Amino acid sequence: MSKQMRDLWAEGLGLLRHEPTEMRVRIRHDGHELVDTVRAILVWEPRRVVPSYAVPATELHAPLTPSSVEPVPPPAGILHPGIPFLAHSTAGQVMDVDGLAGAAFRPDDLDLAEYVVLDFKAFDEWYEEDERLVAHAREPYHTVAVRPSSRTVRVERDGQVLAESSRPTLVFETSLPTRFYLPREDVLAALEPTDLVTSCAYKGKATYYVDNLMWSYLEPLKEVKGLAGLVSFYDDLLEVYVDGKLRERPGGPVAEALRQEFGLSS
């Protein structure tokens with residue numbers, strides 16, 4: 001993404017935004033269906049990179065009451081998915097949902113007066129139509145392009161070669177740095193899983209290796225099934241050479257937010 005595009009994108013992030021969806025949205029918790037609506041909307045609080053679902057308060061089949069929980073002051077900069085839901089960046093009222101403290105929020109916005117924004121992580125199951133969601137609500141304009149390549153990719157750590165391949169798969173994902181996925185047999189480092197497992201709304205659950213600097217989607221979502229078993233790398237902290245040329249490490253506000261989310265130092 002060019003600097004001009006990053007600036008425009010960041011400018012839009014400073015606004016409270018919302019958009020309707022025609023998808024049927026369902027929420028289940030503790031064995032009960034709390035929401036089944038075709039009138040959900042996606043809401044982006046200022047500086048949030050991913051949206052939350054808001055549903056009509058009349059279609060939430062659980063008690064909704066003002067909360068004694070106070071919102072958390074949001075940190076500066078872009079608010080990545082790891083920032084708690086309670087870190088609200090717009091004015092509004094924190095609500096409880098059937099005893100789930102702070103699981104809902106009603107922004108002080110006339111367009112959203114009939115709606116309540118819900119914390120994805122507070123509830124057991126979310127569905128768009130009949131497909132279960134992972135990690136958070138999906139951004140409707142987010143794309144993930146998976147492309148096989150014949151470029152030569154070499155990954156090093158302090159001069160030690162960790163992997164090298166002439167059959168990489170490149171992933172071009174909206175607003176994110178290009179990532180390189182290599183076949184496992186082209187990885188020289190020992191791939192012993194660590195305790196870290198993360199979830200991506202667009203790719204699935206990731207298993208990590210080697211000080212959490214490598215990861216793999218063993219059972220990716222169907223839209224990116226070509227990534228199954230391939231291994232990618234945090235080129236934020238590693239040296240990545242493409243056709244013999246060292247790539248510049250990812251920069252910009254999104255890359256920095258990702259480093260903060262995963263506890264990586266620049």
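The values are calculated or read from the model by the stated rules, or taken from the named source; none is laboratory data. Everything numeric here is computed off the predicted structure, so don't read it as measured data. Here Cβ is always computed from backbone atoms with ideal geometry, including for glycine, and neighbour counts include all displayed protein chains.
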*Residue by residue through the stretch 232-258, note down the ones that are farther than 11 Å from ARG154 by Cα and β-branched (Val, Ile, Thr).*
VAL254
*asked:* Take the conditions assigned by TED's automatic domain parsing to the domain that holds LEU15, surrounded by fewer than 14 Cβ atoms within 10 Å (Cβ to Cβ), over 19 Å from the mean Cα position of the chain (by Cα) and touching a residue at least 60 places away in the same chain (Cβ under 8 Å) and apply them to ASP124. Does it pass?
replied: no
*Quick one: is ARG147 at pLDDT below 95, within 29 Å of LYS203 (Cβ to Cβ) and among the charged types (D, E, K, R)?*
no
_Of all residues making up the stretch 101-133, the number that are in contact with a helix residue (DSSP H, G or I) (Cβ under 8 Å, 6 or more places away or on another chain) and outside any strand (DSSP E or B)_ = 2
*Looking only at residues in the stretch 206-257 that are of a type in the set (Ser, Thr, Tyr) and touching a residue at least 60 places away in the same chain (Cβ under 8 Å), which one is nearest to PRO193 (Cα to Cα)?*
SER232
*Can you find even one residue in the stretch 201-221 that is within 18 Å of the chain's Cα centre (by Cα), of a type in the set (D, E, K, R), at pLDDT below 95 and within 22 Å of VAL134 (Cα to Cα)?*
no
_the stretch 152-177, residues that are surrounded by 13 or more Cβ atoms within 10 Å (Cβ to Cβ) and not in a strand (DSSP E or B)_ = THR152, SER166, ARG167, PRO168, THR174, SER175, LEU176, PRO177
*Select from the stretch 188-199 the residues that are part of a strand (DSSP E or B) and among the aliphatic types (A, V, I, L, M) and write down the one among them that is farthest from ASP158 (Cα to Cα).*
VAL197
